[in-house]
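> Structure in structure tokens, see below.
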Amino acid sequence: MRLYNIRMMRIVKRIMITLRTVGHGNNMRETRKKTVIPVYGFAAAWCLYCVFFPLYKTWHYIVLACGAAAVFMILSIIFPGKTEYVEIPQEPVRTGDGRIDALLEDGEKAVAELRRLGEAIGDDPVREKLEGIIVVTDRIFKDLLDDLDDYKQVKRFHDFYLPTTIKLMYAYERLRRTETDGGNIGGTMQRIDNALDTVFESYNKFFDSLFKNQALDIETDIMVLENILKQEGFKI
């Protein structure tokens, strides 16, 4: 009866795990960490048999092996281990164009470095500003996947905008680690803090400028559609 209850509990747990996996999406992999309890049980059964029972005939060893194996199997059922979920790293999206793919890879590295600096800064108002900059930066590089004609603009962003921003964050993180409230240190950190507001605004304007060509294309399509409708006799 106890084994039946254990099996039923495992079935219910399996159902819950499946539902949780669906909730996490397809980018999670289930892993199971085995417990050492069955191994200890196997060793304990072996030692107890040697203490209380004879061990000088062949069938003694057979009984010992079967008993220890049975203990191991029962404990494995009772203590199946811990189930964990590990996120499967997603393969980066690439275009097949070596020049563009190299820029996308550099962008991913820059975003990762900004995130690392944000974590190093810790609980600081500057980190919140940096998070906003990171979001816009990620969007700028992802835009390149949707519109390959933006390569030159994104390349300019990567070569001129990003290095200065990363350099500022390196300086801020280094000054913050000094844990000194000197006038020069505090003043420099405050100037970097203020500069990030301008950086965030500039990044947003740059991101918006990437859609200029698309806006012109859409406007042209609208004009063509209106002319067609007029020729068909529709009033606009």
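The values are calculated or read from the model by the stated rules, or taken from the named source; none is laboratory data. Note that this is a predicted model, so its numbers are computed, not measured. Virtual Cβ from ideal backbone geometry, glycine too; neighbours counted across all protein chains shown.
> Would you check which residues across the range 49-70 are of a type in the set (A, V, I, L, M, F, W, C) and not in a loop (DSSP other than H, G, I, E, B) and list them?
Correct list: Cys50, Val51, Phe52, Trp59, Ile62, Val63, Leu64, Ala65, Cys66, Ala68, Ala69, Ala70.
> Looking at the range 64-73 only, could you name the residues that are surrounded by 15 or more Cβ atoms within 10 Å (Cβ to Cβ) and farther than 9 Å from Phe42 by Cα?
Of all residues in the range 64-73, those surrounded by 15 or more Cβ atoms within 10 Å (Cβ to Cβ) come to 64, 67-68, 71-72.
Hit for the range 64-73 is Leu64, nothing else.
Listed here are the residues, each with its yes/no results for (1) more than 18 Å from Ala112 (Cα to Cα); (2) free of Cβ contacts under 8 Å to residues at least 24 places away in the same chain.
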{"residue": "Gly132", "(1), (2)": "no, no"}
{"residue": "Val136", "(1), (2)": "no, no"}
{"residue": "Phe141", "(1), (2)": "no, no"}
{"residue": "Leu148", "(1), (2)": "yes, no"}
{"residue": "Ala171", "(1), (2)": "no, yes"}
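> Could you figure out which of (1) farther than 20 Å from Ile100 by Cβ; (2) buried (at least 16 other Cβ atoms within 10 Å of the Cβ) isn't true of His158?
Here His158 clears every test but (1).
> Does the range 18-69 hold any residues that are among the aromatic types (Phe, Trp, Tyr) and modelled with pLDDT of 80 or more, and which are they?
The answer is Tyr40, Phe42, Trp46, Tyr49, Phe52, Phe53, Trp59, Tyr61.
> Right, Gly122: on the phi > 0 side of the Ramachandran plot and exposed (fewer than 11 other Cβ atoms within 10 Å of the Cβ) or not? If you could, list the steps in order and put the result at the bottom.
On the way: on the phi > 0 side of the Ramachandran plot: yes; exposed (fewer than 11 other Cβ atoms within 10 Å of the Cβ): yes.
Yes; evaluated as a whole, the condition is true for this residue.
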